[in-house]
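Colleague: The structure's right below; bear with me while I get my questions together.
A short reminder: the numbers here are calculations on the coordinates, not readings from a lab. Not measured: the values here are computed from a predicted model. All Cβ positions, even for glycine, are placed from backbone atoms using ideal geometry, and neighbour counts span all protein chains on display.
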Amino acid sequence: MSILPADLVHAAEQTIALLVERDLTVTVAESCTGGLIAACLTAVPGASAVFERGFVTYANAAKETMLGVPAELIAEHGAVSEVVACAMAHGALVNAPAGVALAVTGIAGPGGGSAEKPVGLVHVAVARRLGEDPAAEDPDVEILHKRFQFLGDRDHVRRATVSAALDLLAAMLEEAVEDDPDQTAAQPAEDSPEGP
C-alpha cells in the first residue's frame, strides 16, 4: 500500500502510461516539492521504463550547479519565476538523456512569501527535446509554462503542485500531434491565476 496520496499516484499512473505510449523518458527538477513528483512517478510499477532521473534543487546553489541555471537569472527574477522554472526544465534536459523534463519552483509556506510573490505561488515548466539525439549537450527544446496560485497550508500547496505539474505534463503529451513523428507539443497555455 502506497504512503502517497491516492489521487497523486493515480495521476502519476496516467502520466507513466502516456510516456510509455509516446515512447518518451522523463526527468524532473523539483524545488518546493522536494522530490515528491519523483516519488509519485516511481511509485507506479513499470516506471523504470520511462523515468530517467530526478533533481531535487531546493537551494539556489543547487539550481545553479546541478541544472546550470545562471546565478544572474535567479538574482534578477528570483528563484520562483517563470524564467527560472523554464531554465530548470531546460537544464534538466541538458543533464539527462530524457525526452521530456518537468520542473517546479514555488513558495510552499508558511513563510517566504511577499506581496509580489505570495505563499502558494508556483511556476511549472515542461520541456520537450526536439531532435533525435538524447545526448545532445545543448538540445533544442520546446517549453510549456504555467503559473499557479494555490491556497492552503504547506502540505496542500505541495500536493497541489504535484497534481498540477503531472496534469501539465499529461496535457502536453495528450495534445501532441498524432501524425507527427516528432510528436510536436501543443502551444504554451495561458497563465492561470489559480490552480485546478
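Colleague: Can you give me the pair-distance distribution of segment 109-166, C-alpha pairs, 10 Å bins, whole percents?
Modeller: 21, 36, 23, 18, 2
Colleague: Whose amide H sits under 5 Å from the amide H of V69, counting only residues 5 or more places off or on another chain, with H placed in the peptide plane?
Modeller: E64
Colleague: Please work out the Kirkwood hydrodynamic radius for segment 77-184, using every pair of different C-alpha atoms, and report it in angstroms with one decimal place.
Modeller: 14.5
Colleague: Report Rg/Rh for the chain, rounded to two decimals, where Rg is the Cα radius of gyration and Rh the Kirkwood radius.
Modeller: On the Cα set of the chain, Rg over Rh gives 0.94.
Colleague: Could I ask something else about it? Using the count of nearby Cβ atoms within 10 Å as a rough guide to exposure, how do K117, K63 rank from fewest to most?
Modeller: Going from least to most buried by this count: K117, K63.
Colleague: Could I ask something else about it? Determine the relative contact order of segment 15-97: mean sequence separation of Cα pairs under 8 Å and six or more apart, normalised by residue count, in whole percent.
Modeller: So the answer I get is 30 percent.
Colleague: Long-range amide H contacts for V141: which residues qualify at under 5 Å (H placed 1.01 Å from N, peptide plane, sequence gap of 5 or more or a different chain)?
Modeller: Answer set, sorted by chain and number: L130.
Colleague: At a 10 Å Cβ-Cβ cut-off, how would you order T15, T42, fewest neighbours first?
Modeller: So the residues, fewest neighbours to most, are T42, T15.
Colleague: Size of segment 1-108 along its principal axes in angstrom, Cα-based, largest extent first?
Modeller: Principal extents (Cα only, largest first): 42, 28, 19 Å.
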